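Enquirer: Let me begin by handing over the structure; questions about it come next.
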């Protein structure tokens, strides 16, 4: 039976676990002043071709987003995101908590923002100053909550708009590996124009490791305080950094993302022509949103397959998520039971 | 050469690392709905003889304190603690951030609060309502920031005072193992009267694992939201829970705490009679605060020993911290170079 | 020329000013412990037939909303409101600031929420606990931001829904007088089912005076702290209370609301049949939202009439607001220049 | 009988009330865009010889402090103040709420900070970064909570220290008029080196009017948002501004402060030589802190005089506060009953 409940249900990749074992020798300075964390800085700079980047390892993806946003805005400012964004729906108000500011959820097809979806909001808001929180950040999820991926040209349009209006770009990269694998390009191109990337490790084979990758060096100032004050500065930081280093070494993160995406595509290909099965969004990363006949869904659940109903897309809608650990056998078993 | 900089500089205990390797098989429900976390609940209940306790694994000790305090107070309330407490000095304002409330730092010998140190503060504050934040929690650090330990009778006095005045007791147990080892008694006695314990793992052999142990069952309500909103709910929770389980199994936590304490005592015994060496506080756990002649300190640093000056106790004051990983050889080497 | 920019541009009603002069004699206890504020309690209880109500005078309407909401939710909870609500758009994030929680803006015709507009949101959110802020309040604006008024049966439906789902009802009554005048019924009926009313005075002839009217007595507990901590407890409270008392005496507030509504209706009647003029929403209180030919709008502005373009309703949309101080002459002059 | 309970119990000065009556004619732009508020800007600039100052009228003194501090710090920073400061004790945590940061209360004679009282705190804290909130503001209360006044040279020392360490100076001027009257000098000298002054009106004859006087022009940027988001932007701002203008015209504020101080001095002179009466602090403004024999205090209360016990200074300690409205007769009556 298959587990497509979430990429969070997967275990830790063996190379990540090996890295934790390897790093477990002797004393090391606490709070990120260790050589593993120092090396990680260099690796991220190389991967993203960003020689001035600063990297802060954190425990948790929601927190990583919150730290990035807290650094970017003052409490009287706002963050523009898609209304389906994780920061708007799935973090229990953490972004408002960490920033003190306002989240403005916008519409847009397939969970993607566009310049058109933002429209004249920024101008109208500024004219209404100081009565409405001032827009300051566009937060983009890459890949999106609905398994789609911003193209490089879509990203370029949004970042040009942001620059023209004095806005920062935040990228929620909880599934950045899936996006990079999907775009099949240099990772540096995916983050062109991005000020802070929330780099996701946990959904892609890490145990618990994310990183705030500060690509705009001006935002590195005081980030250490933001990091500490939110309880996200690991005392034994080497053990978070080592996980990330293991993912970055030899492009393991992209390899794992590519595998997860391939599994999603195999699911898609196996489902697409079946009677009663509908595809709600293009499958561009490692998530599928489908409609299934009730009898099919019931059978799948009865046979032990794990996945979630997605009621806000309709009573017959479901989400399937693949991961680095998904096997061909799981896909085959699921399709056989459909 | 010896590293007495902090118990945070130590590595992970082999049994903790083994537990992480052992738990790394197959999928598991995310967000704490896994069997490892479920088992951990039972273990904590047994250890603290608290059948109604609820346990929430978290990543970080400061955050653990903040979650506990956030659950206990409303933002117009205050937390009474010693002015030397970690929550007052070493968390970059996290407690104010997580709670929205006020920290009131009080004096008291050897970093310990007493009923006398609180005095008539509670009554005077309530008479001044609503102009002053209402006291709601007494937060005690066990063992304290200065390496001392509250006795059971001191704890009983404070918890009786708290009950009489409608206050909660929070225990910052970042070094609870050292305190339990020092008191050499049933752990349940150390937390008698405590409403929420911040159970520390990271300083005592874990990689990154703490737990909010809710001993007052009424405070378990809604704690899951507090946990989530602060970015402290691990998606792959089994990997935090497994660390804690490894520490609790066979009382490993107490064994490790006892070892660290014994190393501190050996240091103390080796230092106490030397000319020019002074002891600033009783050594009751795994920290020593000493005065050293400058020539001695300089020599120790020059030979590669690691420890911190402690300037707020004077220009010749230093802190030495031992851990589960401290060896007899380290102690001997340090003393030989004194 | 006419000023339809806002009911905030109006002066203070003479009876309110007289009340301030009258109350200015001798010393009085500070912070609301004065006889004027005590008397105001009784008056509000009588007006709203709510013998257990508690009233807290405040300076400002946004703050009044924020206090009410802060008392109602914990920071991990959310407030459901119309996306056009003042709390969502016009308070610069104050509600998020005061509550720590999340504002969820919903759609609905003419700025009104309905049970249908809330739909299955509450249930779906609770199933997703603790990942999404828990809904706890429905905030209704009466009269609405678009000059419409909830009928008593619409209010009854919403409050029944709220009770069934454990939600509070907050009423933003910045223009409650206009709503009561429009419904032409006992004020108590307009607040049936409401837990806290933000009673508006400033837009209706006061100088600066609003009141948090706590109709659900359980919510009065600790409200004094919420009030104080937000800088909304007047030290010389008698001068805020006296304004409100003057409005309530002899139903002056309703008389003034009725006048403003009548002026809006006269404007509507004078505009409705003109070529090129469109009405965007029913006129049920003291605000009109209209489309005007550009030439007409330009002429009106050129002749000194004051009113605002309303660009988010279209390039040719405008808002006209009447007040207690609007005169027949102003209406006639405006219509003559149309 | 005399009322020395607080300067908040006094009524409104007739000239302030007259100003409110005078300004009550016709419409005026809301939210501070009116001519009264514009004129007030110029007046403040003249009074404090600060041609680039910006002034924001607010309702409430605690809020005024909170706004100033919120503009000055980021949430991971701290504010140094005397432990007796209003912001530390009497605002129910508002400063922590408005700023998100930490208040650090320091000791010092007669409620005054000095460079010595700050000592090496700033340096030690910065060395401990990012674990402790970074000091960013020194907040001084002038006149102090204990009725003393910083001399110009004390202020110069503190502001030189602040500049040298990159700190701002905030002045809580709830009783600034009393301080200026006491120092008997150009008001501009009293605020030399101050970045933001909380100018107090309410305790000195206003109805409810304070002003954030931004003397450091860089801090004016975005202050309008801070002002709005906290519910302190008056919609009918002319009615707050007019009160302040009335106080500033013809130096009425200083005249009133001088009167209040003179009444305090008369009380002091009448009390000082009596048996059993002790003076706890120098009387330099409009507050006395005295010890009285219990029989005396009881007699005074019994005869209807109003003043507060001050228990944190001892069981026999009392506070007497005079105001602009205190009369010679009140002082005589009080002394006669002593």
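Enquirer: Kindly check whether there is at least one residue in region A:4-13 that is assigned to a helix (DSSP H, G or I) and in contact (Cβ under 8 Å) with a residue 60 or more places away in the chain.
Expert: No; the residues of region A:4-13 include none that is assigned to a helix (DSSP H, G or I) and in contact (Cβ under 8 Å) with a residue 60 or more places away in the chain.
Enquirer: How many residues are more than 9 Å from every other protein chain (Cβ to nearest Cβ) and closer than 16 Å to residue B:161 by Cβ if we restrict to region B:105-122? Walk me through it before giving the result.
Expert: Going through region B:105-122, the residues more than 9 Å from every other protein chain (Cβ to nearest Cβ) turn out to be B:106-119, B:122.
From the residues that got through so far, the ones that are closer than 16 Å to residue B:161 by Cβ too are B:106, B:108, B:112-119, B:122.
Of the residues in region B:105-122, 11 are more than 9 Å from every other protein chain (Cβ to nearest Cβ) and closer than 16 Å to residue B:161 by Cβ.
Enquirer: How about region D:286-319: which of its residues are touching a strand residue (DSSP E or B) at 6+ places or on another chain (Cβ under 6 Å) and within 14 Å of another protein chain (Cβ to nearest Cβ)?
Expert: If the condition is that a residue be touching a strand residue (DSSP E or B) at 6+ places or on another chain (Cβ under 6 Å) and within 14 Å of another protein chain (Cβ to nearest Cβ), then D:306, D:307, D:308, D:309, D:310, D:317, D:319 are the ones that fit.
Enquirer: Could you look through region C:293-338, keep only residues that are in contact (Cβ under 8 Å) with a residue 60 or more places away in the chain, outside any helix (DSSP H, G or I) and more than 27 Å from the chain's Cα centre (by Cα), and pick out the one that is surrounded by the most Cβ atoms within 10 Å (Cβ to Cβ)?
Expert: C:338
Enquirer: Here is a list: A:56, A:98. Which entry is assigned to a helix (DSSP H, G or I) and at pLDDT 95 or above?
Expert: A:98
Enquirer: For region B:132-167, how many residues meet the condition of being in contact with a helix residue (DSSP H, G or I) (Cβ under 7 Å, 6 or more places away or on another chain) and within 14 Å of another protein chain (Cβ to nearest Cβ)?
Expert: Adding up the residues that qualify gives 6.
Enquirer: Quick check on region A:87-96: of everything there that is more than 17 Å from residue C:80 (Cα to Cα) and touching a strand residue (DSSP E or B) at 6+ places or on another chain (Cβ under 6 Å), which residue is nearest to the other protein chains (Cβ to nearest Cβ)?
Expert: A:95
Enquirer: Right, something else. Could you count how many residues in region B:187-244 are surrounded by fewer than 24 Cβ atoms within 10 Å (Cβ to Cβ), over 21 Å from residue B:42 (Cβ atoms) and touching a strand residue (DSSP E or B) at 6+ places or on another chain (Cβ under 6 Å)?
Expert: Summing the residues that are surrounded by fewer than 24 Cβ atoms within 10 Å (Cβ to Cβ), over 21 Å from residue B:42 (Cβ atoms) and touching a strand residue (DSSP E or B) at 6+ places or on another chain (Cβ under 6 Å) in region B:187-244 gives 1.
Enquirer: Could you list, in sequence order, the residues of region D:21-32 that are at the interface with chain C (Cβ under 7 Å from one of its Cβ atoms) and assigned to a helix (DSSP H, G or I)?
Expert: Correct list: D:21 only.
Enquirer: Condition first: over 28 Å from residue B:224 (Cα atoms), out of contact with any strand residue (DSSP E or B) (no Cβ under 6 Å at 6 or more places or on another chain) and either at the interface with another protein chain (Cβ under 7 Å from one of its Cβ atoms) or without any contact (Cβ under 8 Å) to a residue 40 or more places away in the chain (or both). Now tell me which residues in region A:41-73 satisfy that.
Expert: A:42, A:45, A:46, A:51
Enquirer: I've got another one for you. Residues being free of Cβ contacts under 8 Å to residues at least 24 places away in the same chain and within 14 Å of chain C (Cβ to nearest Cβ): count how many of those fall in region D:210-227.
Expert: 1
Enquirer: Another question, then. Scan the helices (runs of 4 or more DSSP H) fully inside region A:222-275 and keep the ones with 2 or more residues being farther than 15 Å from residue A:210 by Cα.
Expert: Passing ranges, in order: A:223-229, A:252-271.
Enquirer: Now, a different point. Among (1) closer than 26 Å to residue D:132 by Cα; (2) within 18 Å of the chain's Cα centre (by Cα), there is one condition residue B:102 misses while meeting the rest; what is its number?
Expert: Answer for residue B:102: the failing condition is (2).
The values are calculated or read from the model by the stated rules, or taken from the named source; none is laboratory data. From a predicted model like this one, the values you see are computed outputs, not experimental measurements. Every residue, glycine among them, receives a Cβ derived from its backbone with ideal geometry; neighbour counts consider all protein chains shown.
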